[in-house]
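Reading through the structure tokens given below for one structure.
The values are calculated or read from the model by the stated rules, or taken from the named source; none is laboratory data. The structure displayed is predicted, hence computed values, not measured ones. Virtual Cβ from ideal backbone geometry, glycine too; neighbours counted across all protein chains shown.
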Amino acid sequence: MHPAPSIIVFTALSGAGYGLLFLLGLGSAGGVLPESPAFGGVAVGLALVMVSAGLVSSTFHLGHPERAWRALSQWRSSWLSREGVAALLTYIPAVALGLLWVLGARGGWTILAGLGTAAGAVVTVFCTSMIYGSLKPVAEWHQPWVPPVYLGFALMTGALWLMLVLALFGQPIGGLGLLATIAILLAWGLKFGSWRHPVAEGRPTPETATGLGAFGTVRMLEPPHTQSNYLLNEMAFRVGRKHAERLRKIAVMVGLGASLILALGAVASGGAGATVAAAGAVVAGMTGVLIERWLFFAEARHTVALYYGEPAAA
Amino acid sequence: MTSLPASTPPKQLGLVIDLDTCVGCQACVVACKEWNTGGYPAPLSDQDPYGADARGAWLNRVHGFEAGEGADGMTVHFPKSCLHCADAACVTVCPTGASYKRDEDGIVLVEEDKCIGCGLCAWACPYGARELDGVSKVMKKCTLCIDRIYNENLPEDERQPACVNTCPAHARHFGDLADPESQVSKLVAERGGFDLMPEMGYRPTNKYLPPRPRSGGTGCGGTVPALEDADPAGGFLGWVDRMLSR
Ligand code: SF4
Ligand code: SF4
């Protein structure tokens, strides 16, 4: 599948934003985060900027962004519609949480807003993952690992961003360091699971796509058109697969290795050192996720390619 | 509404495509484009149509495949357009309600004024039956010529899809596949019509008829008469060969 930059940026950025909202929601409800209004305002504000930037960027690839509001109507059947509805609904508790924090309110309402924000964040990221997870023609996506991987990376990048904000405000990172470490390992562990998931079994072949298997192996003789078309541009992307192995290694080295070391460095050091290390961990983590997301598209093979001479998956 | 019809539509209009008789002339491709670029929806645009990188939106395309090896191998011309699936995920994934499946006859359509051009329905179609138009930026797909088949301004025998009407080899048949007594259903039963990618579970309405078995063996099969030896060793020809090769 063609890795459209707008979708890659959207899923990575909004994933991090919802991860951050999730942790801020739970953390404030549990009373384990700083009460300072400035901290709350900056942290919740940052998360909202990230999810909003992600949403706006996702409209860039629409043919008719001015009609985007219509996408809220079909939540009964469509995961894309559900995602839109969940994303909008999550603003309500999230904005309330930010305001309560800035106004210095604690107690019942904060807990309610915090839990609502955390729940909204989980539901939204889950819906995003199911847009891909529900697509049968793409076996790499239509597998049970996809939603956990999306949730895992959202938690991981959210934790890294929260670490950075804590460090910026000179707050101790403490337990969050452990959480971030676990989240990094968990997210990549899930990703390894999805990479190892067998996708060739029962997958369509040129023989089943044409129904001509009874006559022998099927190969393309002449394509239906001489130049490219929408289908080939969108769904028959091959460049990524050529470099997939190397890119996977880079993603793991940066997103897992470097971000883990830097996160631990942030926990170990204090003051400015912690801020620098945490910022490095954010950069490394986000870079890793962006590469992972690029591969998520580039490595995914759509059944339509079978009609254009792609052999059956190995 | 992008939920599928609650009950099975009473009619299920669709095509039966005969892979035995299709000659790959592309007439249906052109007839489809011609009719559907001038119909009720936005035109089917082309980009750089006379240039080196000509591209455009087409609702019907004819692929060419080879099946089998050597003398048993065959060339199969393979037309492909929307199969108007019973379990059309292209419809249920649509976030706007632009894509829908008609209750009355099972035809899958796009209401272009609602389409945001997100492309998700094209991803959800295993068959590559949907193409986004490069100018109007809305999703295009086969309408089964809904503006022909019910069009009372046309003579009755022309009230069928443009591709069916035009096919010189009669490789395309149109009818109600929910009715076992219809001509198309009988054709499917007789000839062993099949679904494309049944393992995807979309339950396509359109059916394909397999190439008929070849009569009297295939290719030249038996022994080929030997050609004259170009390098004879003895005799008169051998002597001529030797003389001329000097
Ligand atoms: S062939 Fe593709 S576009 Fe047509 S109904 Fe089936 S899934 Fe939808
Ligand atoms: S491209 Fe149009 S018809 Fe297709 S899913 Fe998006 S809004 Fe629906």
Answer yes if at least one residue in region B:32-50 is closer than 25 Å to A:ILE131 by Cα, more than 9 Å from chain A (Cβ to nearest Cβ) and not in a strand (DSSP E or B), and no otherwise.
no
Which one is nearest to the other protein chains (Cβ to nearest Cβ) among residues in region A:164-205 that are closer than 30 Å to A:GLY309 by Cα, in contact (Cβ under 8 Å) with a residue 24 or more places away in the chain and of a type outside the set (S, T, N, Q)?
A:PRO204
Any idea which of A:SER134, A:SER73, A:SER78 is within 15 Å of ligand 2 (Cβ to nearest atom) and surrounded by 24 or more Cβ atoms within 10 Å (Cβ to Cβ)?
A:SER78
Taking the condition within 16 Å of ligand 2 (Cβ to nearest atom), surrounded by 20 or more Cβ atoms within 10 Å (Cβ to Cβ) and acidic (Asp, Glu), does A:GLU140 pass?
no
Across region B:174-198, what is the number of residues that are within 15 Å of B:TYR127 (Cα to Cα) and surrounded by 14 or more Cβ atoms within 10 Å (Cβ to Cβ)?
4
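Residues are listed down the side, and each one gets a yes or a no for (1) more than 8 Å from every other protein chain (Cβ to nearest Cβ); (2) without any contact (Cβ under 8 Å) to a residue 40 or more places away in the chain; (3) near ligand 1 (Cβ under 9 Å from one of its atoms); (4) under 26 Å from A:THR208 (Cβ atoms):
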{"position": "B:VAL76", "(1), (2), (3), (4)": "no, no, no, yes"}
{"position": "B:ALA89", "(1), (2), (3), (4)": "no, no, yes, yes"}
{"position": "B:ARG102", "(1), (2), (3), (4)": "yes, no, no, no"}
{"position": "B:GLY119", "(1), (2), (3), (4)": "no, yes, no, yes"}
{"position": "B:PRO126", "(1), (2), (3), (4)": "no, no, yes, yes"}
{"position": "B:ARG130", "(1), (2), (3), (4)": "yes, no, yes, yes"}
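Residue under question is A:THR128, and the condition is that it be within 14 Å of chain B (Cβ to nearest Cβ), closer than 18 Å to A:VAL9 by Cα and modelled with pLDDT of 95 or more; does it hold?
Taking the combined requirement at face value, the residue satisfies it.
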Based on this model, can you work out whether B:TRP35 counts as under 12 Å from the mean Cα position of the chain (by Cα) and either basic (Lys, Arg) or under 25 Å from B:ASP147 (Cβ atoms) (or both)?
no
Could you run through region B:99-145 and say how many residues are near ligand 2 (Cβ under 6 Å from one of its atoms) and in a loop (DSSP other than H, G, I, E, B)?
5
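Yes or no, residue by residue, for (1) more than 8 Å from every other protein chain (Cβ to nearest Cβ); (2) within 16 Å of ligand 1 (Cβ to nearest atom); (3) crowded, with 22+ Cβ neighbours inside 10 Å; (4) under 30 Å from A:ASN233 (Cβ atoms):
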| site | (1), (2), (3), (4) |
| --- | --- |
| B:CYS94 | no, yes, yes, yes |
| B:LEU109 | yes, yes, no, yes |
| B:CYS145 | yes, yes, yes, yes |
| B:ASN151 | yes, no, no, no |
Residue pairs meeting the criteria (Cβ under 9 Å; at least 6 apart or on separate chains; first more than 7 Å from chain B (Cβ to nearest Cβ), in region A:206-224; second of a type in the set (Val, Ile, Thr))
A:PRO206/A:THR217; A:PRO206/A:VAL218; A:GLU207/A:THR217; A:GLU207/A:VAL218; A:GLY213/A:THR205
In region B:56-98, residues that are within 16 Å of ligand 2 (Cβ to nearest atom) and in a strand (DSSP E or B) total 0
Of the residues in region A:225-235 that are buried (at least 16 other Cβ atoms within 10 Å of the Cβ) and in contact (Cβ under 8 Å) with a residue 24 or more places away in the chain, the one that is nearest to A:PRO137 (Cα to Cα) is A:MET235
Provide a single number: the residues in region A:186-216 that are acidic (Asp, Glu) and part of a loop (DSSP other than H, G, I, E, B).
1
Just a yes or no: is a residue in region A:80-95 assigned to a helix (DSSP H, G or I), among the aliphatic types (A, V, I, L, M) and either touching a Pro at 6+ places or on another chain (Cβ under 8 Å) or facing another protein chain (nearest Cβ under 9 Å) (or both)?
yes
Identify, please: which residue in region B:153-166 is surrounded by fewer than 24 Cβ atoms within 10 Å (Cβ to Cβ) and part of a loop (DSSP other than H, G, I, E, B) and is, among those, nearest to the other protein chains (Cβ to nearest Cβ)?
B:GLN160
Return yes when B:GLU66 is within 25 Å of A:ARG219 (Cβ to Cβ) and among the charged types (D, E, K, R) and no when it is not.
yes
The correct count of residues that are at the interface with another protein chain (Cβ under 7 Å from one of its Cβ atoms) and either buried (at least 18 other Cβ atoms within 10 Å of the Cβ) or free of Cβ contacts under 8 Å to residues at least 60 places away in the same chain (or both) in region B:58-72 is 9
Selection from region B:199-212 of residues surrounded by fewer than 17 Cβ atoms within 10 Å (Cβ to Cβ) and at the interface with chain A (Cβ under 10 Å from one of its Cβ atoms) yields B:GLU199, B:GLY201
Do we have any residue at all in region B:114-136 that's of a type in the set (Lys, Arg), on the phi < 0 side of the Ramachandran plot and surrounded by fewer than 24 Cβ atoms within 10 Å (Cβ to Cβ)?
yes
